[in-house]
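Presented below is the structure to which this report refers.
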Amino acid sequence: MLSALREAGVQYLFVNLGSDHSGIMEAYATARASAKGGEIPYPQVITCPNEMVALSCAHGHAAVSGQAQAVLVHVECGTQALAGAVHNAAKGRVPVLIMAGTSPATQEGEAPGSRNEFIHWIQDVFDQRGLVRGYMRYDNEIRVGANAAQIVHRALQVAGSEPKGPVYLVAAREILEQEVEPRREDVRLWPRLGGGGLAPEDALQIAGALVAARQPLVVTSYVGRNPAAVPELTRLCHRLGMGVLESVPNSVNFPVDDPLHQGYQWNEKQQNPALAEADTILILDSDVPWIPLINRPAENAQILHIDVDPLKQQMPLWYVRASRAWRADAATALRQINAALESLTVDEAAVRARAAQLARRHEALRAQLAKLEAPGKVLTAEYVTAQVREAIGEDALVISEAVTNFHVVTNHAGRRKPGTYFVSGGGSLGWNGGAAIGAKLARPDALVCAFTGDGTYMFSIPSTVHWIARRYHTPFLQVVFNNQGWRAPKFSMLGVHPDGFGSRAEELDIRFEPPPDYSGIAAAAGGAHAEIVREPAQLAPALQRSLQAVREGRCAVIDAWLQRL
Ligand SMILES: Cc1ncc(C[n+]2csc(CCOP(=O)(O)OP(=O)(O)O)c2C)c(N)n1
Ligand SMILES: [Mg+2]
C-alpha cells in the first residue's frame with residue numbers, strides 16, 4: 001500500500017496514528033532500519049496532531065502541485081475528526097486519498113491483528129465509510145492484502161480524474177497486518193482522465209456566438225486552477241475585446257492588471273454593471289457566477305456554460321438558465337475556441353471600441369481601490385493587504401481565508417501571475433494554516449502568505465499548525481485580520497433582517513472580548529515570530545521583521561487590529 005502511494009507520486013503521508021496502524025508503523029520502522037538512514041520507498045510521514053489540519057495540509061499541497069497527497073487517520077473517530085476539511089476538499093475539487101483502518105474483524109486471534117485492546121469493541125461501527133461517503137468521489141474497503149496496491153491506484157486514479165476530489169479507503173487491522181509479496185504497478189497504466197474538449201462544431205458555435213455579441217462577457221471562478229488556461233483566456237478576451245468578471249474566485253483566473261479585468265464579485269448587495277450590460281455571457285468554470293436575488297444578467301442575455309463540472313451533481317439546487325452547456329477542460333476548450341476564431345470575421349472596430357470602454361471601467365475601478373489603500377487613523381484590511389502585497393512580491397503564494405475581507409484580498413493583493421492565489425473552494429473555516437504548510441511543502445522555494453480572519457484563525461487549530469510548521473520546516477507568513485470576532489454572521493443577519501432588533505443590538509454573541517493573543521499562540525506552539533500591529537505606522541517595520549523571520553526559517557504571525565466589528 002505504501003509503495004503504491006509512492007509509485008503514484010504521493011510525496012507525503014499526513015498521519016494521525018492509532019491502534020489500527022500497527023502494520024503501517026512497523027512497515028516504516030522496518031524500512032528505516034534496512035535503509036540505514038537512506039531513502040525509504042514510502043511517502044514521507046508528516047505527524048499531524050489534528051486530523052482537520054492533516055487534510056488541510058494535503059489539500060494545500062494538491063492545490064499548488066496538482067498532485068494528490070495522502071492522509072492516514074484512526075478508524076471512525078479519526079475520520080470524524082477530519083471534520084470540515086472533508087467538505088473543503090470535495091467542494092474545492094481537490095484530489096486527496098484519505099485512508100483509515102477499521103476495528104479488527106476478529107477477536108480470538110484468528111489472524112494477526114485480532115482484537116487485543118478494549119477500544120476495538122468501542123470503535124466498531126456499522127458504516128464507517130458512510131461517514132464521509134456524501135463527499136467522496138470513491139470509497140472502498142481493501143478486503144484482501146494481495147490487491148491493496150491496485151485498490152490504492154484505482155482510488156488515486158479516480159481522485160485525480162476530472163472532476164477531481166477526495167477518495168476514502170478503509171482496511172481492517174488484520175488486512176493491514178497481512179504478509180503479501182511486494183509488487184510493482186506502473187502508474188502510467190492508471191491514467192488520469194482530463195475534462196475533455198469540445199466537439200469541433202461546438203467550438204465554432206461558441207466562437208460564432210462571441211463574435212456576434214454586442215457585449216460579450218466571461219464570468220469565471222476557477223478557470224485558473226489550471227494556470228495554462230489563463231493565457232488562453234487572455235488571448236480570447238483580447239481578440240474579442242471581451243471583459244472578465246471574476247465571481248467568488250478560487251484562483252488567479254485573469255491578470256488583475258489587465259485592462260479587460262472587470263473586477264471581482266463576492267456577496268456585494270448590488271447589481272454588477274458589467275453583468276447587467278452583457279448580451280452574451282460565457283460562464284467558464286464557476287460554481288456561483290452570480291447571486292440572482294441581487295445581481296443577475298439581463299433577461300434576454302444568452303448564457304453559455306463551459307465547466308469541468310457543469311451539472312454540479314453534488315449541489316442539490318443549481319441552475320443558471322444556460323441555453324447550452326459543455327463538460328470540458330477549460331484550457332482545451334479555450335484553445336479550440338481561439339483556433340475556431342481564426343476562420344471567422346471579427347469586427348475590429350467594435351473590438352477596439354469595447355476594449356477602450358472596458359479599459360475605462362477597469363481604470364476607474366483601480367483608482368477607486370487605490371484610494372482605499374491610503375493609511376488612515378486606524379488599520380484597515382485594505383491598507384494591510386496593500387502593504388503585504390508590496391512586501392511579498394508577485395511570486396509569493398497567497399492563501400486566503402479572509403471571510404468578510406475575501407474581496408479585500410482579491411482586490412488589493414495584486415495577484416497577476418497564474419497559480420499564486422488559493423482559497424479552499426469550500427466553506428468550512430479553518431483551512432488556511434494547514435493549507436499554507438501544504439503549499440510550502442509543495443513549493444519549498446516559494447514565499448507563502450496566508451490571510452485569515454481572527455475567528456478563522458481559531459478554527460484552524462493554530463497550536464497544531466504552528467507545531468507542524470516548525471517540526472517540518474515550512475515557514476510562512478500569516479496575517480490575522482483581527483476585527484475582534486465573527487463579522488460574517490452579523491452581515492448575514494442584516495441581509496435578512498436589515499431593520500430588526502439585531503440591527504440595533506450591541507450584543508450579538510459574535511465578539512471575542514478580550515481576544516486571545518493570536519500571534520502568541522503561534523509563538524508558544526511553534527516558536528513563531530509574533531507581531532501585534534494596532535496602528536498603520538507599525539505595519540511596515542513589523543512586516544520586514546516578519547519576512548526576515550520567515551527567511552530564517554520561522555513562521556511569522558501578524559495580528560492586525562482592525563476596527564472592532
Ligand atoms: C467550520 C465552520 N463553522 C462555522 C462557520 C460559519 N461562519 C461563517 S463566517 C464565520 C465568521 C468568521 O469569522 P472571522 O474569521 O473572524 O471573519 P469575519 O467574519 O470577522 O470577517 C462563521 C462562524 C463556517 N463557515 N465554518
Ligand atoms: Mg473576525
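Read-outs: derived from the displayed coordinates by stated rules, not from any lab. Everything numeric here is computed off the predicted structure, so don't read it as measured data. No Cβ is skipped: glycine too gets one built from the backbone with ideal geometry, and neighbour counts run over all protein chains shown.
Roughly what would the spin-label model give for Q544 and I294, points 7 Å off Cα along C-beta, in nm?
Taking the simple label geometry, Q544 and I294 are separated by 4.0 nm.
Using label points projected 7 Å from each Cα along Cα→Cβ, tell me how many nm separate A356 and N147, to one decimal.
Label-label distance for A356 and N147, simple model: 6.7 nm.
So what's the gap between the Cα centers of segment 132-208 and segment 95-119, to the nearest angstrom?
Result: 23 Å between the Cα centres.
Below 27 Å, Cα to Cα, which lysines can K312 reach? Residues fewer than 8 away in the same chain don't count.
K91, K164, K269
Pull out a ≥ b ≥ c, the square roots of the eigenvalues of the alpha-carbon gyration tensor of the chain, then state rounded if a/c is under 1.5, prolate if not and a/b is larger than b/c, and oblate in the remaining case.
Judged from the Cα gyration tensor, the chain comes out oblate (a/c at least 1.5, b/c at or above a/b).
Summing +1 for each Lys or Arg and -1 for each Asp or Glu, what net charge is found among the other residues whose Cβ lies under 11 Å from the Cβ of V158?
For residues surrounding V158, the net value is +2.
State the extension gain, in nm to one decimal, for the chain segment bounded by A349 and F491, taking 0.36 nm per residue of separation less the distance between their alpha-carbons.
46.7 nm is the gain from fully extending A349 to F491.
Using packing as a proxy for protection, rank 338-347, 314-323, 66-75, 418-427 so that the peptide with the highest average count of other Cβ atoms within 10 Å comes first.
Ranked from most to least packed, the peptides come out as 66-75, 418-427, 338-347, 314-323.
So if R0 is 22 Å, what FRET efficiency would A367 and E394 give, r being the distance between their Cβ atoms, rounded to the nearest 0.05?
My answer for the efficiency is 0.60.
What is the distance in Å between the Cα centres of segment 41-91 and segment 398-425?
Computed from Cα coordinates, the inter-centre distance equals 22 Å.
For the pairs K377/K417; K417/K440; K417/K490; K36/K440; K371/K417, flag any whose C-alpha to C-alpha distance is greater than 25 Å.
K377/K417; K417/K490; K36/K440
What are the trypsin sites (Lys or Arg not before Pro) within segment 195-294 that DSSP puts in a loop, where the Cβ has at most 15 other Cβ atoms within 10 Å?
Counting only loop positions with at most 15 other Cβ atoms within 10 Å, the trypsin sites (Lys or Arg not before Pro) in segment 195-294 are R214, K269.
Just to be sure I understand the model, the point goes 7 Å from the Cα along the line to the Cβ. What's the resulting D499 to T47 distance in nm?
A separation of 6.1 nm, rounded to one decimal place.
Checking the a/c ratio against 1.5 first, then a/b against b/c, what shape does the Cα gyration tensor give for segment 372-491?
The shape class here is oblate.
Quick one: grab the alpha carbon gyration tensor of segment 520-565, order the square roots of its eigenvalues as a ≥ b ≥ c, and give me rounded if a/c is under 1.5, else prolate or oblate depending on whether a/b is larger than b/c.
Note, shape of segment 520-565 comes out oblate.
Around I119, with a cut-off of 13 angstrom between Cβ atoms, what is the net charge of the other residues, counting Lys and Arg +1 and Asp and Glu -1?
Spelling it out: positives minus negatives among the neighbours equals -2.
By counting other Cβ atoms within 10 Å of each Cβ, how are L508, L565 ranked from fewest to most?
Final ranking by Cβ density, sparse to dense: L508, L565.
Quick check: residue separation of S65 and E117 times 0.36 nm, minus the Cα distance between them. What number comes out in nm?
14.7 nm
Just need the relative contact order of segment 290-446 here, percent rounded to a whole number, with Cα pairs under 8 Å and 6+ apart.
Result for segment 290-446 is 14 percent.
With an 8 Å cut-off on Cα pairs and a minimum separation of 6 or more residues, tell me the relative contact order of segment 10-121 in percent.
29
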